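S.K.: Encoded as structure tokens, here's the structure I'll be asking about.
The values are calculated or read from the model by the stated rules, or taken from the named source; none is laboratory data. Just so it is clear, the structure is predicted and the values come from calculations on it, not from any experiment. Positions of Cβ are generated from backbone atoms using ideal geometry, with glycine treated the same way; all protein chains shown enter the neighbour counts.
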Amino acid sequence: MGKMKKLIIFLWISLSVNVLIADEMIENRALKAAALSLLLPGGGQAYNGEYIKAGAALGTEAAFLSLALYNYSQSEKYYDEYKQQGLESDLVKYNDYYNKRQNYFFWLGASVFVFTIDAFVDAHLKDYLDTKEKIHLKFENQAILLSVKF
């Protein structure tokens, strides 16, 4: 197993343990959704009941991670070949795969950020919509009527 894969697995496990330990301490629904989305692709969306979004997050993040890891292994392969044989074509291929790897890691980070924000906002809106159903404000005959359901 490569160094990059070990690092990713280590980071994921450590984040998992931290979020599971902190789960009882996090009382805010939106923060829980954001933490789950950050930890597991689509976790925050699933927590909010948005299962289609959860599938989209999982698929998107898995695709970017897979492509980044593939390009990482290819760049390492061509770099090793360049060091052994010194061919310019291997260096060109290394640079190409290296740039692709960097791009996919950028898009992975961007998608994690977007889906984390999405889970956070959805959790806030879910609480808002539940509260909105309980409170009604009406304007009738020059009067303001406020009704609250408990």
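Table: residues versus (1) of a type outside the set (V, I, T); (2) in a loop (DSSP other than H, G, I, E, B); (3) at pLDDT 65 or above; (4) under 14 Å from the mean Cα position of the chain (by Cα).
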{"residue": "V17", "(1), (2), (3), (4)": "no, no, no, no"}
{"residue": "A30", "(1), (2), (3), (4)": "yes, no, yes, no"}
{"residue": "L36", "(1), (2), (3), (4)": "yes, no, yes, yes"}
{"residue": "P41", "(1), (2), (3), (4)": "yes, yes, yes, yes"}
{"residue": "G44", "(1), (2), (3), (4)": "yes, no, yes, yes"}
{"residue": "G49", "(1), (2), (3), (4)": "yes, yes, yes, no"}
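S.K.: If the requirement is being surrounded by 12 or more Cβ atoms within 10 Å (Cβ to Cβ), modelled with pLDDT under 90 and under 25 Å from G55 (Cβ atoms), which of these qualifies: L108, L129, L125, L91?
M.R.: L125
S.K.: Could you tell me whether A22 is modelled with pLDDT under 70 and either out of contact with any Asp or Glu (no Cβ under 9 Å at 6 or more places or on another chain) or not charged (D, E, K, R) (or both)?
M.R.: yes
S.K.: Considering region 73-89 alone, what residues qualify as being within 36 Å of the chain's Cα centre (by Cα) and either more than 22 Å from F105 (Cα to Cα) or not basic (K, R) (or both)?
M.R.: S73, Q74, S75, E76, Y78, Y79, D80, E81, Y82
S.K.: Can you tell me which residue among Y104, Y97, Y79 is free of Cβ contacts under 8 Å to residues at least 24 places away in the same chain and either assigned to a helix (DSSP H, G or I) or not aromatic (F, W, Y) (or both)?
M.R.: So the residue among Y104, Y97, Y79 that is free of Cβ contacts under 8 Å to residues at least 24 places away in the same chain and either assigned to a helix (DSSP H, G or I) or not aromatic (F, W, Y) (or both) is Y79.
S.K.: Looking at A57, A68, A62, which one is closer than 22 Å to D122 by Cβ, surrounded by 15 or more Cβ atoms within 10 Å (Cβ to Cβ) and in contact (Cβ under 8 Å) with a residue 12 or more places away in the chain?
M.R.: A57
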